[in-house]
Structure formats: C-alpha cells, structure tokens
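Scroll down for the structure; my scribbles are underneath it.
The values are calculated or read from the model by the stated rules, or taken from the named source; none is laboratory data. This structure is a prediction, so every number in the text was calculated from the model and none was measured. Backbone-built Cβ (ideal geometry, glycine too); neighbour counts: all protein chains shown. In case anyone asks, the SASA skips ligands and DNA or RNA and just uses the protein heavy atoms, side chains included. Shrake-Rupley method; radii C 1.70, N 1.55, O 1.52, S 1.80 Å.
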Number of protein chains: 2
Amino acid sequence: MTKIDDVARLAGVSTATVSRALRGLPTVSAATRRRVLAAAEQLQYAVSPSASRLAGGRTGTVAVVVPRITRWFFGVVVEAAEDFFHRAGYDLLLHNLGGREQNRQRVLHAAHLHKRVDAIMLVATPLRASDVAALAALDLPGVTVSSGTTVPGWPCVRIDDVAAARIATRHLLDLGHRRIAHISGDPDDELAYSAHLDRRRGHQEELRAAGLHPDPSLDVESSFDIAGGTRATEELLRRGDPPTAIFAACDEMAMGALTALRDAGLRVPQDVSVIGIDDHALSGVLGLSTVAQPAVEQGRLGAQLLLDPLCGRSTDALVKPDGSVILDTRLVVRDSTAPVRAH
Amino acid sequence: MTKIDDVARLAGVSTATVSRALRGLPTVSAATRRRVLAAAEQLQYAVSPSASRLAGGRTGTVAVVVPRITRWFFGVVVEAAEDFFHRAGYDLLLHNLGGREQNRQRVLHAAHLHKRVDAIMLVATPLRASDVAALAALDLPGVTVSSGTTVPGWPCVRIDDVAAARIATRHLLDLGHRRIAHISGDPDDELAYSAHLDRRRGHQEELRAAGLHPDPSLDVESSFDIAGGTRATEELLRRGDPPTAIFAACDEMAMGALTALRDAGLRVPQDVSVIGIDDHALSGVLGLSTVAQPAVEQGRLGAQLLLDPLCGRSTDALVKPDGSVILDTRLVVRDSTAPVRAH
DNA sequence: CTGAAAGCGCTTACAG
DNA sequence: CTGAAAGCGCTTACAG
C-alpha cells in the first residue's frame with residue numbers, strides 16, 4: 001500500500017507538506033498543493049485512518065445510539081442523521097440496543113466510546129445518573145434526540161410529548177368520547193422509550209381539563225410496538241365494557257390495536273375510534289388518525305447541532321437558551337376516528 | 001488519560017505483557033494476568049483503538065451497506081447483523097445509500113473502506129464490474145446479502161427470488177385469476193433492489209407454465225416502496241380494464257396498491273386480490289397475503305459467514321460449495337387474496 | 001510557505 | 001512466560 005512518504009517523494013516535498021496539502025490547510029502554496037494532489041492521485045494514495053487518528057486525535061466518526069432501528073421513528077431519524085454526517089465527511093458507528101438493557105450498559109460504559117468517536121448522538125436512550133456521569137466524563141460533544149433525560153451541556157431536540165398527547169385526547173373528546181382508553185409502554189422496561197410517560201401525563205391532563213377522571217381500568221401498559229398494542233387492547237377488552245375510543249402512545253401500538261379490535265369483531269371507527277402519535281409511513285395506508293411528529297427533521301437537526309460546533313459554526317440561532325429545540329406536532333385526521341355513537 | 005505504560009508500571013511488567021494479558025493471549029501466566037487486570041481495572045484503563053489498529057492492523061469494525069435503512073427488510077437485516085457483530089466484539093459502520101447513486105460510488109470507492117474496516121457486508125447493493133474490481137482490490141473478506149451481483153470469493157445469502165415469485169403467482173392462478181398484474185421496481189434506477197428482476201422473471205415463468213402470455217399492459221414499474229406501489233397501481237387503473245389480481249414485488253409496494261385501490265373505490269379482495277413478497281411486520285395488521293422471506297435469518301447468517309472465518313472457524317458446513325446459502329420462503333395466505341369472481 | 005524531528009499509544013517479531 | 005526495541009503511518013509544534 002502506498003503511504004505518505006511515497007507521495008512526498010514523488011511530489012518532491014516533505015510529508016508534513018503532503019499532510020497539509022491533502023487536508024486543505026491554507027498554509028500551502030497553490031503550486032505545491034497541485035503537485036501533491038497529482039502525486040497522490042497518481043499513486044492512488046489513501047490516508048491511513050488509524051495513523052491519522054492516533055497522530056491527530058480526530059476520528060471523523062460519530063456514534064449513534066438507538067433503541068431499535070426497526071421501529072419507524074428510529075429508522076427515519078438514523079437515515080436523516082446518516083445523510084447529514086456523511087455529507088460532512090463523518091462515518092457513523094451504529095449502536096442498536098435491540099431492547100436489551102445489557103447493550104445499553106455496554107455502549108454507555110465510558111471505555112467503549114472513548115477515543116473511538118468525536119461525538120455522540122443518543123436517540124430516546126434512557127439514562128441513569130451514573131450514565132450521565134459516565135458520558136460527562138468522556139468529555140465529548142453530544143446531542144440527545146427525543147429523550148426524556150438530558151445530559152448537561154448537550155443540546156436536545158424533541159417534540160413536546162405532553163402537548164402531543166393532549167392534542168390526541170382533545171380530538172377524541174371533541175368527537176364526544178368519554179370512555180377513552182390509553183395504551184402505552186411499560187414503565188418497568190429500563191430501555192423503554194421514555195416519551196410514553198409524558199404522553200400519559202398529557203392524556204390525563206387533557207381528561208381532567210375536560211372534567212373527567214382518568215380511569216385506571218382504561219389504562220394498559222405493554223411493549224411500545226405493534227405486538228404490544230395488540231396485547232394491550234386484548235387486555236382492555238378482557239376487562240369488559242370496551243371503551244369508545246383508544247389513544248395509543250405511538251402509531252405502532254395503534255396498529256396493534258386495530259388488529260386486536262378487528263379480531264374481536266369490533267369495527268373502527270364505528271364501534272371504537274383509534275388514534276396514535278407519529279404519522280408512521282403506513283398510517284396513511286391504514287387510515288389511522290394520528291398526531292404527526294417530524295422524524296426526518298429531528299434526525300437532521302440533531303446531526304447539525306452535533307457537527308456545526310465541530311466545524312466552528314455556532315448553533316445559537318437554532319436552539320433556545322437552554323440548548324433545546326422543540327419541534328411542532330400536528331393533528332392528522334383520517335378514518336380511524338369518528339363521533340361517538342349515541343347509546 | 002491513562003495509557004498502557006501506566007498499567008505496566010503499576011503491575012510491574014512490560015507493556016508487551018500488558019498488551020498480551022489484556023487481549024487474553026495464552027502466553028501469559030495466570031498470576032501475571034491477574035496483576036495486569038487488577039492494575040488496568042484500578043486505573044480505569046481503556047486501550048486506544050487508533051493506536052491498537054495502527055500497530056496491530058485489525059480495526060474490530062465491519063462496514064454494512066444498505067439501500068435504505070427505513071425499509072422493512074433492510075432494517076431487520078441490519079438489526080440482526082448488528083446484534084451478531086456486537087456480541088463478537090465488532091463495531092458496525094453503517095452506510096445507508098438512501099437511494100443516491102452518488103453515495104454508492106463514494107462508499108464503494110476503494111479508498112473509503114480501506115484500512116477502516118476488517119470486513120464488509122453488502123445488502124442488496126447493485127455492483128458494476130468496476131465496483132466488483134474495486135472491492136476485490138481491497139482484499140477484505142465480505143459477504144453479500146440479498147444481492148443479485150456476487151463478488152468472487154465472498155459468500156452470499158439470499159432467497160430464490162424467482163421461486164418466491166412463482167409461489168405468489170401460482171397462488172393467484174390457483175384462485176382462478178387470469179388477468180394478473182405485476183408491479184415492481186424501476187430497472188433504470190441504478191440503486192434498485194435487484195431482486196425485482198428475478199421476481200418479474202418468476203412471475204412470467206409461472207404464467208407461461210399455466211399457458212398464459214405475460215401482458216405488458218399489466219406490468220408496471222415504479223419505485224420499490226409504498227409510494228411506488230400506489231403510483232404503479234394508479235397507472236394500472238388508468239390503463240382501463242383493471243386486473244382481477246395484483247402481484248407486487250414486495251409487501252411495501254403491495255401496501256401502496258391497497259391504498260390506491262381503496263381510493264379508486266375497489267374492494268380487496270372482492271374486486272381485486274393483492275399479494276406481495278416479504279411478510280413485513282405490518283402485513284398481518286393489513287391482512288395482506290404474501291410470500292414470507294426470513295429477514296432476521298439473512299442478517300444473522302450473513303454476519304456469521306463474515307466473522308466465523310475471522311475467528312478461524314470454518315463456514316463450510318453452512319454454505320453450498322459455491323459459497324451461497326439459499327433460504328426458504330413460504331406462502332402466507334391472509335385476507336387480501338380470494339377466488340376470482342365469475343363475470 | 002516549508003521541513004526535520006518528535007510523538008501519538010499501541011503490537012509484534014525477536015531474543016532469552 | 002517475559003522484555004527491549006522497532007515500527008505501525010500519520011500530525012504537530014517548532015524553527016526558519
């Protein structure tokens with residue numbers, strides 16, 4: 001393999017000059033730079049990343065941690081972030097926790113990320129105090145996306161989950177529903193997407209604002225995915241007297257609810273209305289009403305908040321004084337919600 | 001930051017011994033190893049990846065290239081592979097092409113992957129002769145998953161796309177359908193998931209085996225996703241006299257077809273039957289009939305075929321003599337296919 | 001604008 | 001089983 005000395009020899013300069021010319025540093029004359037580039041081209045020279053990292057300290061790589069890449073929101077966020085990172089010349093090290101607490105611990109263990117990446121993006125990753133301390137000790141720039149826990153000094157981009165849930169519940173209330181069930185994630189799951197706690201809170205706040213009292217028998221927890229939505233809805237129906245509407249904490253759970261309702265012989269929206277949060281790529285196909293959140297924007301903006309400072313650009317104009325960016329959500333009414341029927 | 005010399009000093013041994021002990025090489029006495037591990041633990045020592053890579057030549061990282069991480073199949077494959085890689089102690093560098101030919105060229109350019117990874121997994125990535133040559137020049141182990149093009153010396157894992165398509169078309173024929181449309185990916189798209197060419201072939205073979213002649217007016221190409229399925233179906237309906245059944249080259253296109261048919265006022269399966277290939281996570285929710293392919297297994301097996309040789313394990317028992325593994329598909333009949341109605 | 005030299009922090013023959 | 005020393009291939013003050 002050809003190395004920097006070969007290029008230096010062919011171009012008739014020192015390796016220091018080759019290094020500077022290839023990286024586009026300003027302190028190289030135009031003529032010299034041309035000679036170096038030509039020599040590098042001719043020899044098909046490619047810098048050794050390990051050597052460059054060891055000598056220079058920069059890795060040109062960022063770590064992205066997501067709970068499950070197969071869930072709609074996380075896939076979209078990673079795709080948007082990946083695009084931004086690669087355009088900026090950074091590689092992406094993917095850590096998919098896959099629902100295993102053990103994976104979270106391994107990834108967040110300071111030793112693992114140390115000297116391996118220049119920056120970290122944490123997507124919906126729950127953090128304990130010890131994790132936050134470990135991340136702070138790494139002394140690397142980072143950003144959290146769609147996360148309940150924030151890391152001091154890191155910007156965060158997300159939606160207002162409480163507000164999004166209130167919009168969903170308000171929509172059902174406006175349609176005349178009073179027996180509104182809520183299905184959401186399991187709070188005991190350490191890897192749970194923490195947003196669902198805020199969403200439950202918003203739901204209950206909106207009920208109370210309407211003079212209703214949250215009914216524990218209409219609140220079921222399960223896993224935060226399609227299968228969880230099915231199980232939660234089955235449990236709901238088992239408890240007797242079904243609700244007239246179900247607010248699912250995410251579209252995937254809402255889709256599971258659609259399946260369970262269909263299997264139970266209940267029609268949507270004639271017998272039961274269903275709404276979720278997300279605006280999943282398939283929600284339109286299913287006619288699912290939802291509160292849309294901007295996933296691409298969260299991934300892209302998260303990446304930008306991470307890289308801009310590394311390139312010396314300020315992000316002050318993008319974030320609030322506390323470092324956060326709260327993106328808007330909006331109600332999307334389709335065919336799964338309808339006025340409650342008179343009894 | 002603490003480095004190997006610090007550990008060596010505290011343990012009272014040379015850095016060479018620390019290096020050996022920490023990597024678990026057999027040529028270290030039990031007592032010495034214990035002292036080294038204790039010292040490393042006490043100093044919170046973590047090896048510098050760049051230094052280790054530069055000196056040792058191994059990166060402990062593998063590159064995974066996928067067309068679009070947001071599509072069901074690719075997300076599942078990456079998740080399964082990621083799990084396998086991390087268990088084996090390897091990091092995953094993700095390259096999501098995102099539908100851009102330019103990205104494919106950047107990633108496959110020899111210089112980019114050179115010295116950055118120990119192995120490469122290409123998922124459904126179309127390759128030109130020059131790409132294959134560039135990959136061969138890298139002289140790295142690799143594997144292709146679900147790819148039409150193979151790289152000499154690399155194993156490949158996939159399904160038999162021709163056979164899968166024949167199963168789907170056979171199912172429709174068995175239900176009495178004769179006007180069967182096919183919607184699939186765009187062959188002009190350089191980044192296209194090449195499987196759709198084989199699927200079209202299988203479809204046409206099965207039609208001919210039944211004494212039918214493939215009708216070009218019932219064959220529409222579009223993008224290989226939900227929106228593409230919708231557009232292709234709209235085009236199909238615009239051509240007049242609709243088919244009694246549609247075979248979509250993948251479930252996501254089938255889902256787009258369901259939307260277009262609904263919007264056109266056609267009922268599934270009463271007016272039109274629809275079948276896809278995949279068994280997407282949401283196909284059950286939608287009641288979509290399909291030919292299931294094992295995505296998790298393809299990701300896991302691909303990862304294993306890549307890493308086993310790096311660990312000195314033979315994979316001869318897993319693959320056929322030509323290095324390929326062809327996994328089974330199976331028909332899953334749900335509610336989107338029904339016998340053709342008498343006219 | 002350019003070069004000589006030190007140094008980044010490991011691993012690997014080689015010798016014992 | 002262990003150590004001294006060379007070397008992996010760059011980048012970065014420092015000096016000019």
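From the backbone phi of the range A:253-258, what are the Karplus-calculated ³J(HN,Hα) couplings (6.51 cos²θ - 1.76 cosθ + 1.60, θ = phi - 60°) in whole Hz, Gly and Pro given as x?
Listing the rounded values in order: 5, 4, 5, x, 5, 4 Hz.
Rounded to the nearest 100 Å², what's the accessible area chains A and B bury against each other, both chains counted, probe 1.4 Å? Don't skip to the end; give the middle numbers.
Numbers: alone 16350 and 16290 Å², together 28540 Å².
The A and B chains share an interface burying roughly 4100 Å².
In the range B:11-44, which residues give up 50 Å² or more of accessible area once the other protein chains are added, compared with their chain alone (1.4 Å probe)?
Residues shielded by partner chains: not a single one.
How large is the accessible surface per residue of the range A:4-47, computed with a 1.4 Å probe and reported in Å² as a whole number? If you can, show how the numbers build up before the last one.
Working: 2710 Å² over 44 residues.
Normalised by residue count, the accessible surface of the range A:4-47 is 62 Å².
What are the extents of the Cα atoms of chain A along their three principal axes, listed from largest to smallest and rounded to whole Å?
90, 39, 37
If I take every Cα pair under 8 Å that is 6 or more residues apart in chain A, average their sequence separation and divide by the length, what percent do I get for the relative contact order?
Details: 644 pairs, mean separation 56.2, N = 343.
Reported as a whole number, the value is 16 percent.
For B:Ala245, what residues show an amide H to amide H distance below 5 Å, using hydrogens built from the backbone and excluding near sequence neighbours?
For B:Ala245, the qualifying residues are B:Ala181, B:Ser273.
Using a Gaussian network model of chain A with C-alpha springs under 10 Å, which one of A:Ala195, A:Ala80, A:Ala38 is most mobile by mean-square fluctuation?
In this elastic network of chain A, the residue with the biggest mean-square fluctuation among A:Ala195, A:Ala80, A:Ala38 is A:Ala38.
Nothing charged except the Cβ atoms of Lys and Arg (+1) and of Asp and Glu (-1): what's the magnitude of the dipole of the range A:195-343 about its Cα centre? Round to the nearest 20 debye.
Working: 15 positive and 22 negative charges, 40 e Å.
Magnitude of the dipole: close to 200 debye.
When chain A is treated as a GNM, springs tying every alpha-carbon pair under 10 Å, which of A:Val65, A:Val47, A:Val291 comes out with the largest mean-square fluctuation?
In this elastic network of chain A, the residue with the biggest mean-square fluctuation among A:Val65, A:Val47, A:Val291 is A:Val47.
Assuming a ≥ b ≥ c are the square roots of the Cα gyration tensor eigenvalues, decide whether the range A:228-343 counts as rounded (a/c under 1.5), prolate (otherwise, with a/b larger than b/c) or oblate. Write down the numbers at each step before the final one.
Working: a/c = 3.25, a/b = 2.92, b/c = 1.11.
It comes out prolate by the Cα gyration axes.
Just checking the output field for A:45-55: average partner chain Cβ neighbours within 10 Å of each residue's Cβ? Before the final figure, lay out each step's value.
On the way: counts 1, 8, 3, 6, 10, 14, 5, 3, 6, 8, 2.
Other-chain Cβ atoms within 10 Å of each residue's Cβ, averaged: 6.
From the phi angles alone, apply the Karplus equation (6.51, -1.76, 1.60; θ = phi - 60°) to the range B:20-28 and give each ³J(HN,Hα) in whole Hz, x where the residue is Gly or Pro.
5, 4, 5, 8, x, 5, x, 7, 9
Taking H as built 1.01 Å from N, whose amide H comes closer than 5 Å to the amide H of A:Gly142, not counting residues under 5 places away?
A:Ile120
Towards the positive end of the charge dipole of chain A, with charges on Cβ (+1 Lys, Arg; -1 Asp, Glu), say which of A:His196, A:Ala133, A:Ser146 has the farthest Cα.
A:Ala133
Quote the convex hull volume per residue of the range B:4-47, based on C-alpha atoms, as a whole number of Å³.
Working: hull volume 2.4 nm³, N = 44.
Residue-normalised Cα hull volume stands at 56 Å³.
If you roll a 1.4 angstrom probe over the protein chains with everything in place, what fraction of the accessible area of chain A belongs to carbon and sulfur, to the nearest %?
Numbers: 7320 of 14300 Å².
Carbon plus sulfur share of accessible area: 51 percent.
Which sequence of B:His112, B:His213, A:His109 reflects their accessible areas, 1.4 Å probe, from the largest down? Mind showing how you got there, number by number?
Working: B:His112 40, B:His213 160, A:His109 110 Å².
The ranking, largest first, comes out as B:His213, A:His109, B:His112.
Compute the acute angle (0 to 90°) between the alpha-carbon long axis of helix B:195-209 and the principal axis of greatest extent of the alpha-carbon atoms of chain B; round to the nearest 10°.
With both axes taken from Cα atoms, the answer is about 40 degrees.
222 nm [θ] for chain B, helices only, -39500 (n - 2.57) per DSSP H run of 4+, per residue, to 500?
After summing the helix terms and dividing by residue count, I get -13000 deg cm²/dmol.
So if I place +1 on the C-beta of Lys and Arg and -1 on the C-beta of Asp and Glu, and nothing else carries charge, what would the dipole magnitude of chain A be about its Cα centre? I want it in debye, nearest 20. Write down the numbers at each step before the final one.
Details: 38 positive and 40 negative charges, 242 e Å.
In debye, rounded to 20, chain A gives about 1160.
Can you give the angle from 0 to 90° between the axis of helix B:161-174 and the longest principal axis of chain B, with both taken from C-alpha atoms, to the nearest 10?
It is inclined by approximately 30 degrees.
So which residues in the range A:221-256 end up with at least 10 square angstrom less accessible surface once the other protein chains are there, compared with the chain by itself, probe 1.4 angstrom?
A:Ile226, A:Met255
Before I look further, what does the range B:161-293 give for accessible area per residue, probe 1.4 Å, in whole square angstrom? Can you show the working numbers first?
Values: 4570 Å² over 133 residues.
Result: 34 Å² per residue.
Given Cα pairs under 8 Å that are at least 6 residues apart, what percent is the relative contact order of the range A:115-179?
About 27 percent, as a whole number.
What is the spin-label model distance, in nm, from A:Ala51 to A:Arg106 if the labels are put 7 Å beyond Cα along the C-beta direction?
The modelled label-to-label distance comes out at 3.2 nm.
Under 12 Å from the Cβ of B:Leu140, count the other residues' Cβ atoms, weight Lys and Arg +1, Asp and Glu -1, and hand me the total. If you can, show how the numbers build up before the last one.
Working: positive: B:Arg58, B:Lys115, B:Arg116; negative: B:Asp118, B:Asp139.
So the environment of B:Leu140 carries a net charge of +1.
Mind running the shape call on the protein assembly as shown? Use the C-alpha gyration tensor, a ≥ b ≥ c as the square roots of the eigenvalues: rounded below 1.5 for a/c, prolate if a/b tops b/c, oblate otherwise. The partial results should precede the final answer.
Details: a/c = 1.97, a/b = 1.35, b/c = 1.46.
Oblate, because a/c is 1.5 or more while a/b does not exceed b/c.
Under a GNM of chain A (C-alpha, springs under 10 Å), which listed residue has the highest mean-square fluctuation: A:Ser48, A:Ser29, A:Ser194?
In this elastic network of chain A, the residue with the biggest mean-square fluctuation among A:Ser48, A:Ser29, A:Ser194 is A:Ser29.
With θ set to phi - 60° and the Karplus curve 6.51 cos²θ - 1.76 cosθ + 1.60, what are the ³J(HN,Hα) couplings of the range B:45-58 in order, to the nearest whole Hz, using x for Gly and Pro?
So the J values, rounded to whole Hz, are 6, 10, 4, 7, x, 5, 5, 4, 5, 5, 6, x, x, 8.
Go ahead and run the numbers for FRET between A:Leu318 and A:Asp139, Cβ-Cβ distance against an R0 of 25 Å, rounding to 0.05. Provide the component values of the computation, followed by the final result.
On the way: r = 23 Å, r/R0 = 0.91.
Efficiency, from the Cβ-Cβ distance: 0.65.
Give the long-range amide H neighbours of A:Asp91: residues separated by 5 or more places, or on another chain, with amide H under 5 Å away, using H modelled in the peptide plane at 1.01 Å from N.
So A:Asp91 has HN proximity to A:Thr61, A:Val62.
Rounded, prolate or oblate, given the Cα gyration tensor of the range B:161-293, with a/c below 1.5 counting as rounded?
Values: a/c = 1.17, a/b = 1.04, b/c = 1.12.
Cα axes put the range B:161-293 in the rounded bin.
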